[in-house]
Structures are given as structure tokens and as C-alpha cells.
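Student: Structure in C-alpha cells, see below.
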Amino acid sequence: MAVPSEQVIKYLQQSHDRIFENNRAWAEEHRKKNPEFFTKLSAGQEPDYLWIGCSDSRIPAEAITGLGPGEMFIHRNIANLVCNTDLNVMSVVNYAVRHLKVKHIVVCGHYGCGGVKAAMTPKDMGLLNPWLRNIRDVYRLHEAELDQITDEEKRYDRLVELNVVEQCRNILKTAAVQQSYAKNDFPIVHGWVFGFQDGLLKDLKINFEEMLKGIQKIYDLSAE
Amino acid sequence: MAPISFTDAIERVVAGNRVYAQQTAEQDPNFFKTLATGQAPEILWIGCADSRIPETTICNCMPGELFVHRNIANTVHGNDLNAASVVEYAVAHLKVKKVVVCGHTKCGGANAALGDADLGETLNTWLHPVRELRRKHKIELEELPDDDARSARVAELNVHQSIEVLKQHPAIKKAIHDRGLSLHGMIYDIGAGHLKLLEEAGGKKSNGLWSADH
Ligand SMILES: [Zn+2]
Ligand SMILES: [Zn+2]
């Protein structure tokens, strides 16, 4: 067995300790600015948003949107997928909509997504195959449009966008969202893409009402 | 806090993002250019979806440092393809060096697991293993002074259980053996804003983060 050398252990230990030191400093700073900060958070959460984003380390949702603790409920997975057979994400959507009553659901993809690239690589990815197959399915749904884009980078970028749109559609297929919207006029679903080049979010401006109507022609679960 | 109106809520995020992009670029004009070249996070963070625990913020980390999976009650099920795919990608492809499972006090999932309220089929099914913890540790939990303490203990037990499940993941098994990947359990105390490391049974105190065989 390859045992990490003393030096490696020391290095890893330092990087780990740093997290705890950072955390203490962060907590101290907030307590100084607002002594009630943590007491208030302790009372409960009432986030307005549910964010479904990629696990990619470069997109900390709260940091890039400037939102503080308590404001955004978060699910992050490989390539921000919403699969209707996945109990993990379905539990998140269910809890956020039915229990926390979030007003907005944001599906946020990002250009240069490694998950999307991996899915388009003609290679056996082992355990990742079933998950990434969902992205291949998105490609197949939009094959004609994507095949016409000759520049490879641009084709990936477009697939990232179309993937976000499809995942928004999947959220609309849930009973939780359809029933809440019929009753309360929320949540509204948004599709966004984050760009590393400028750090900005791009709104794909999906037409929520129209998309919902389209979905409900076949996937109508609004009757309780 | 008064609810903010629909469009305001979205405008606020969009404006927040613009400020973030501008400030970041001002501090370091090459920041986004470097970010665009790729990611090499050292840590996979598995945490709760709870809005009060923005992992990168509470650890004062920079974008690029933590690969993240967050779900209801930071639970890892043996047959959950979503989390398993995140682990596979992070461990086998990005080769993270550590995996952190972070639970927290006042967790809605842990609270729900202390009672039998019907949360609907989806959540009942998801939280089943957490509720099982309550049965398994009934005597210990009953001896605790109040529900807050019980919920905090369930959160800890749940972190340990998730780590046990992770140890069976093929990529993790291999990485522990080949390159000394380590697993760490933590609890975030919402009322204090502090992270606490859970000492695993058998872990050496001298290098507390490391499992016994190092
Ligand atoms: Zn990604
Ligand atoms: Zn929680």
C-alpha cells in the first residue's frame, strides 16, 4: 500500500486545518458585525430560492449570487441534472416546494462543464454511464440543431444551454411544482448559465408559462 | 423578514452576481481566465441542502476549492446513483484528496427523523435510513435532555452512517488504498457558526483527520 509521505500528510493536514481556521474567522467577523446573526439563523430557514447547480468547485452558488446564509436552498450534482426517477433530487424539489414554499427555482448550468464533455466522449465511463446518459439523451432530443454547429466549443456551449432547458422541463413534470403553481402562482422556474470568462450569469429566458402548458399536455399531475 | 416581490427576488440575484463579477475582476483581473482553464479541488464536500450552510462561504474558501454535493440531510444511500456519480467523478477523475461529510445542528431532516410525521412518499423514502438510526439508537437518544440534543446526535450518527456507506464506494476504496484518500465527518453548529470535526472511533488524535491505518 502506498502510504503518503510525511510531507504529503503535513501538507494535507495544513490545508484541512485552514478550513477550520477560516471558519472561525468567518464566524467571528459576522458575530462582530451583527451579534444576532447566528441566533437568527438558528431559529429556522425561509429561503426564497431553490438552486440546482453543478457540483463543479468553481461555482459556489451563494458566493456568485451575493446571497447570504439562509437565502438559498441548494442541490448540486454532476451537470445539474433533474431526473424524475432520482429520489435524491426529487426529495430536494419536494421539500423546497411543499415544505419551504420557495418562490423561485433556478437551474444553473455552466459553460465548459466537465460532466457535459464527459458525456459526449465516446468512451465507457463505468459507474458514470447511467448518469451521463441523460445528457446524451438531451443531445438526441436536439440532434438536428446541435449537428449543425460545426465549431466544437460552440456545440458544447449550446448543449450546456439545452441541458439546462431540459432540466427545467423535468422540474415542471413534478406534481409538487404543478400543484403549488396552480394554487399559489409559484414557484417560477428559471434557466441560467454561468460563464467563467466573465463570472456572469446568463438568463436563458425560458417562457415558464408556455413550457408548463406544453408539459401538461402529457404530464399533467395538477389534480390532487 | 417581509417577503420580497417576485421580480425583485430575481433582480436581486442578478445584481448580486454583477457585483460579484466586477469585484472579483477588480481584485484579480486574471481570476476568471484562470478559473476557465479547469478545476483541481482538493476536497469533495457532501453537505445538507439547508440554505444556512453555504459551504464555500462558511469555510472562507475560494471558488475552485470545494467540489460539492448537497442533498436533504447530507445522506448517502448505497443505491443512490446521484451521489455515487458525484463521488466517482470527484474521486476517480478529479482525484480529490479528502471527502468531507458535513451534518449540522437544527437539521430539518434530522428533526423529521425524530418523529413519525408523514412527509409524503418521496421524503419518507429518502429519510427512511435516518429514521432507522432513531430506532437503532433509541436508548441513547432517550437519555438526552431535549429534542435539540437528540436532533444534533441524530445528525452526528447520520454523518457516521454516510461515511460508512462511502467507504464501500469502489472509487473511494481504491483511492484510500492507492493514494491515502481520507474521509472526514463534521458537524456545523448553526447557532455558533462553527464547524466541529467528529473524531472517528479508532482515529489517531495526533493526526486527527486520518484513519487509523495511516
Ligand atoms: Zn459542470
Ligand atoms: Zn439539514
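The values are calculated or read from the model by the stated rules, or taken from the named source; none is laboratory data. Just so you know, these numbers come straight off a predicted model, no measurement behind them. When we count neighbours, we look across all protein chains shown, and the Cβ atoms used for this are built from the backbone with ideal geometry, even at glycine. The area values use the complete protein model at the heavy-atom level, side chains included, leaving out ligands, DNA and RNA. Shrake-Rupley method; radii C 1.70, N 1.55, O 1.52, S 1.80 Å.
Student: Please enumerate the residues belonging to region B:15-43 that are in a helix (DSSP H, G or I), within 8 Å of chain A (Cβ to nearest Cβ) and within 21 Å of A:Gly112 (Cα to Cα).
Tutor: Within region B:15-43, B:Asn17, B:Arg18, B:Tyr20, B:Ala21, B:Thr24, B:Ala25, B:Phe31, B:Phe32, B:Lys33, B:Leu35, B:Ala36 qualify.
Student: Only one residue in A:Asp151, A:Asp185, A:Asp198 is open to solvent by 50 Å² or more (accessible area, probe 1.4 Å) and more than 13 Å from chain B (Cβ to nearest Cβ). Which one?
Tutor: On the way: A:Asp185 fails: more than 13 Å from chain B (Cβ to nearest Cβ); A:Asp198 fails: more than 13 Å from chain B (Cβ to nearest Cβ).
Selected residue: A:Asp151, the only one of A:Asp151, A:Asp185, A:Asp198 that is open to solvent by 50 Å² or more (accessible area, probe 1.4 Å) and more than 13 Å from chain B (Cβ to nearest Cβ).
Student: What pairs come up if the first residue lies in region A:87-115 and is within 10 Å of chain B (Cβ to nearest Cβ), the second is assigned to a strand (DSSP E or B) and surrounded by fewer than 24 Cβ atoms within 10 Å (Cβ to Cβ), and their beta carbons are under 6 Å apart, counting only those six or more places apart or on different chains?
Tutor: These pairs meet every condition: A:His104/A:Ile188; A:Val106/A:His190.
Student: OK, next. How many residues are more than 16 Å from ligand 1 (Cβ to nearest atom), within 8 Å of chain A (Cβ to nearest Cβ) and of a type in the set (Val, Ile, Thr) when one looks only at region B:44-57?
Tutor: First, the residues of region B:44-57 that are more than 16 Å from ligand 1 (Cβ to nearest atom): B:46-55, B:57.
Those still in the list that are within 8 Å of chain A (Cβ to nearest Cβ) too: B:49-55, B:57.
Retained after the next criterion (residues that are of a type in the set (Val, Ile, Thr)): B:53, B:57.
Of the residues in region B:44-57, 2 are more than 16 Å from ligand 1 (Cβ to nearest atom), within 8 Å of chain A (Cβ to nearest Cβ) and of a type in the set (Val, Ile, Thr).
Student: Among what's in region B:68-106 and is under 17 Å from A:Arg18 (Cβ atoms) and more than 10 Å from the chain's Cα centre (by Cα), pick the residue that is surrounded by the most Cβ atoms within 10 Å (Cβ to Cβ).
Tutor: B:Val96
Student: Here's something else I'd like to know. Could you run through region B:69-82 and say how many residues are within 16 Å of ligand 1 (Cβ to nearest atom) and in contact (Cβ under 8 Å) with a residue 24 or more places away in the chain?
Tutor: Start the filter on region B:69-82 by keeping residues that are within 16 Å of ligand 1 (Cβ to nearest atom), which leaves B:69-70, B:82.
From what's left, in contact (Cβ under 8 Å) with a residue 24 or more places away in the chain: B:69-70.
The total comes to 2.
Student: Can you pull out the residues in region A:103-148 that are under 14 Å from A:Cys54 (Cα atoms) and away from ligand 1 (no atom under 11 Å from the Cβ)?
Tutor: If the condition is that a residue be under 14 Å from A:Cys54 (Cα atoms) and away from ligand 1 (no atom under 11 Å from the Cβ), then A:Val106, A:Val107, A:Trp131, A:Leu132 are the ones that fit.
Student: Is it fair to say A:Val189 is closer than 25 Å to B:Ala15 by Cβ, in contact with a strand residue (DSSP E or B) (Cβ under 9 Å, 6 or more places away or on another chain) and either modelled with pLDDT of 95 or more or among the hydroxyl-bearing types (Ser, Thr, Tyr) (or both)? Step through it out loud before you land on a result.
Tutor: Values: closer than 25 Å to B:Ala15 by Cβ: yes; in contact with a strand residue (DSSP E or B) (Cβ under 9 Å, 6 or more places away or on another chain): yes; either modelled with pLDDT of 95 or more or among the hydroxyl-bearing types (Ser, Thr, Tyr) (or both): yes.
So A:Val189 passes the test.
Student: Could you give every pair whose Cβ atoms fall below 8 Å, whose first residue belongs to region B:17-35 and is in contact (Cβ under 8 Å) with a residue 12 or more places away in the chain, and whose second residue is surrounded by 12 or more Cβ atoms within 10 Å (Cβ to Cβ) and basic (Lys, Arg), counting only separations of at least 6 or pairs across chains?
Tutor: The qualifying pairs are B:Leu35/A:Arg58.
Student: Turning to a different aspect of this structure: When you look at B:Thr122, is it surrounded by 22 or more Cβ atoms within 10 Å (Cβ to Cβ) and either of a type in the set (D, E, K, R) or modelled with pLDDT of 95 or more (or both), yes or no? So that I can check it myself, show each step before the final result.
Tutor: Values: surrounded by 22 or more Cβ atoms within 10 Å (Cβ to Cβ): no; either of a type in the set (D, E, K, R) or modelled with pLDDT of 95 or more (or both): yes.
It is false that B:Thr122 is surrounded by 22 or more Cβ atoms within 10 Å (Cβ to Cβ) and either of a type in the set (D, E, K, R) or modelled with pLDDT of 95 or more (or both).
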